[in-house]
Amino acid sequence: MLDFIYYPVSFILWCWHKVFGLVFGEANALSWILAIIFLTFTVRGIMFKPFVNQVRSMKKMQDFAPEMKKVQKKYANDRARQAQEMQKLQKEHGVNPLGSCLPMLLQIPVFIGLNHVLRMFTVNPVHPGMPKTENYFFSQAGVDSYVHAKLFGVNLGEAIYNGVSVVSGAQATSGFHWHVAPVAIPLMIVASIATHLTARHSVARQNPDSATPQTAMMNKLTMYIFPLGVLVFGALFPLGLLFYWLANNGWTLMQQRLVYTKIDKEEEAKKAEAIEKRTALGPKPGQKPAVGQKPVQQKKTQRNAGQPSKVAKAGSAHGFAQSGSTAKNGTQDSGTDAEKTKNGTAIPSLDTDSTKKSGRKRR
């Protein structure tokens, strides 16, 4: 029913097994372990671009999380309007909530496909009890090499417990296999720790302003419940699948560090560029303002600052004309010798009204 998943997974595994089989031998367990690990790397390499989009989408969602909280608070009693406004807000910011889930969803078929392919090396659903002659892309020789490949005396397709058809592939020999525990338990512990570190590194990147009760609950699930689930339910997984889980988490941890470092550098470069633009647009000291830019107003300085103003002596021919009004701040008025013209004849004017008023106040 899921052959569209099983055949691609088995083909990638077959290719890598052929590569490492030329080096270590096809029946060597190391060839199969490396083939499973590089199958994981191949799939994760294909999903690298969606992962980067996932990180960027999560970053955008955290940036406008305060606006989302405002919308939720404003339309708390109107769920339909709240959903409409949330969709509008996500569209404006170019955020797709499903984008952050896509890489995780794509890994599920690979996990199911690899589990099934590894189980089917030893299970013959068509002729129960009879040896397998082929397994998807693997021929009789490939099946035999996998069956005889053992790690510390344990076959890679064996698990601590076989009995759940979903993960065991309806294997006939159900029950506990304690001889697998010494090899499987260390792998389960390391895989659990790797799962915790991966989740912890991702949670540390979250914006505290975007924290909600839902995100806090999800963080606890990913940091503690999921690693505990790997430690407990890892007893149901064959050794080959534990190697897949370990390689997958190792890749994720390395990928997160690389992508997050790259995004941090991009953010710093954008901030530096914005600061540089603001500095370039601003006028330099002593530079005339650009067209359309308001000039900077400077305080008026007194002409010949620091020198006492000249006062005409009493009786001087220009004494009356120079006794102009003095402003309250101690500066002199300018232009008191304005002339009036009447019938073309220039008549020297006396002090203006403002001069007279200021003169009265001075007396």
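The values are calculated or read from the model by the stated rules, or taken from the named source; none is laboratory data. Nothing here was measured: the structure is a model prediction, and the numbers come from that model. Every residue, glycine among them, receives a Cβ derived from its backbone with ideal geometry; neighbour counts consider all protein chains shown. Note: areas computed on protein heavy atoms with side chains; ligands, DNA, RNA excluded. Shrake-Rupley method; radii C 1.70, N 1.55, O 1.52, S 1.80 Å.
Odds and ends about this structure:
- Scan the stretch 34-91 for residues that are outside any helix (DSSP H, G or I), of a type outside the set (A, V, I, L, M) and either under 30 Å from residue 20 (Cβ atoms) or open to solvent by 80 Å² or more (accessible area, probe 1.4 Å) (or both) and the total you get is 1.
- Considering only residues in the stretch 7-32 that are under 33 Å from the mean Cα position of the chain (by Cα) and open to solvent by less than 50 Å² (accessible area, probe 1.4 Å), the one that is modelled with the lowest pLDDT turns out to be 9.
- Test for residue 119: is it out of contact with any strand residue (DSSP E or B) (no Cβ under 8 Å at 6 or more places or on another chain), at pLDDT 75 or above, of a type in the set (D, E, K, R) and more than 30 Å from residue 237 (Cα to Cα): no
Conditions (1) under 16 Å from the mean Cα position of the chain (by Cα); (2) at pLDDT 90 or above; (3) of a type in the set (A, V, I, L, M), marked per residue:
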site	(1), (2), (3)
206	yes, no, no
211	yes, no, yes
220	no, no, no
224	no, no, no
227	no, no, no
241	no, no, yes
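- Checking every residue in the stretch 131-140 against the condition of being in a helix (DSSP H, G or I) and at pLDDT 85 or above gives at least one match.
- Residue pairs meeting the criteria (Cβ under 8 Å; at least 6 apart or on separate chains; first more than 18 Å from residue 157 (Cα to Cα), in the stretch 225-252; second of a type in the set (Phe, Trp, Tyr)): 251/41
- Neighbours by Cβ (under 7 Å, 6+ apart or cross-chain): first from the stretch 175-192, within 15 Å of residue 229 (Cα to Cα) and at pLDDT below 90; second open to solvent by less than 70 Å² (accessible area, probe 1.4 Å) and outside any helix (DSSP H, G or I): none
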